[in-house]
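Right, one structure below, let's go through it.
The values are calculated or read from the model by the stated rules, or taken from the named source; none is laboratory data. On a predicted model such as this, the values are computed, not experimentally measured, just so you know. Quick reminder, even Gly has a Cβ in these numbers, built from the backbone with ideal geometry, and neighbours come from all protein chains shown.
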Amino acid sequence: MTVFNYDSEQGHGVAISSPNIKGHIVVLPEKGDATDWHKYGAGETYVVTAMTRFPFRREVRREDGTVEVEEYDLAAGSTIKRSGPFEHRVINLSDETVVFGKRS
């Protein structure tokens, strides 16, 4: 997973994975840091669990070309689950470093 700053398009964050862990731990250190676009097919599901307070914008591209923007402010320990089909990315809206777990 590529993580970069939304405005400068330079790498600032990190995604950590392990053969023993399903998914990734993602760290977005700065406001505006974002994941790359991820595509999910019909019926594919992902789960995000906030490990810190996690205010973020989720940009979603649907198969028909429409784009939606959703904003969330998750408390630590909160989880959201979404199913495809769509392509999306997540942008950090916090002035502080955020950490979340992502499973597909």
Problem - Residue check, PHE56 at pLDDT below 80 and of a type in the set (A, V, I, L, M, F, W, C) - result: no
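Is one or more of the residues making up the range 39-50 at pLDDT below 90, hydroxyl-bearing (Ser, Thr, Tyr) and assigned to a strand (DSSP E or B)?
Let us first name the residues in the range 39-50 that are at pLDDT below 90, namely 46.
Within this subset, residues satisfying the condition of being hydroxyl-bearing (Ser, Thr, Tyr) are 46.
Keeping just the survivors that are assigned to a strand (DSSP E or B) gives 46.
Scanning the range 39-50, I find at least one residue that is at pLDDT below 90, hydroxyl-bearing (Ser, Thr, Tyr) and assigned to a strand (DSSP E or B), so the answer is yes.
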Completion exercise
When (1) surrounded by 12 or more Cβ atoms within 10 Å (Cβ to Cβ); (2) at pLDDT 95 or above are applied to GLU68, the one that fails is (1)
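Only residues that are crowded, with 17+ Cβ neighbours inside 10 Å and part of a strand (DSSP E or B): list them for the range 24-37, please.
In the first step, residues of the range 24-37 are kept if they are crowded, with 17+ Cβ neighbours inside 10 Å; the result is 24, 26-28, 30-31, 33-35.
Residues satisfying the conditions are HIS24, VAL26, VAL27, LEU28, ASP33, ALA34, THR35.
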Handout entry: Tabulated pairs, the range 76-88, first under 17 Å from GLU44 (Cβ atoms), second surrounded by fewer than 15 Cβ atoms within 10 Å (Cβ to Cβ) and polar (S, T, N, Q), C-beta under 9 angstrom, 6+ apart or interchain
Key = LYS81/THR45; ARG82/THR45; SER83/THR45; GLY84/THR45
Fill in the blank from the handout: When GLU9 is run through (1) modelled with pLDDT of 90 or more; (2) more than 19 Å from GLY101 (Cβ to Cβ); (3) assigned to a loop (DSSP other than H, G, I, E, B), the failure sits at (1)
